[in-house]
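Just so you know, all these numbers are worked out from the coordinates, no wet-lab data involved. Just so you know, these numbers come straight off a predicted model, no measurement behind them. Counting neighbours? That spans all protein chains shown, and the Cβs are built from the backbone with ideal geometry, glycine included.
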């Protein structure tokens, strides 16, 4: 058996996060915070409001949570740079 490390076990160099990824992570955390606030508000006022308002509060809470999940995935993904770098080839 070979002593060399297989290609799929080589270390991967991840590029730094871009500005929009950092902004997306902030939006994700704010969305999770809004979802948590929505849960608390729904639990506190859930029995004293009509069913339509309770459904609306639940829908807003679910929407905030879903936006947080999507933004967290976008902000945490390692996106490679697709820029072409010039190669210094000498003519033969």
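State yes or no: is residue 43 without any contact (Cβ under 8 Å) to a residue 24 or more places away in the chain and assigned to a helix (DSSP H, G or I)?
yes
Looking for whichever is in a helix (DSSP H, G or I) and exposed (fewer than 12 other Cβ atoms within 10 Å of the Cβ) here; the options are 28, 73. Which one fits?
Exactly one of 28, 73 is in a helix (DSSP H, G or I) and exposed (fewer than 12 other Cβ atoms within 10 Å of the Cβ), namely 73.
Can you tell me which of 59, 35, 66, 55 is within 30 Å of residue 16 (Cα to Cα), in a helix (DSSP H, G or I) and without any contact (Cβ under 8 Å) to a residue 12 or more places away in the chain?
After ruling out the rest, the residue left standing is 66.
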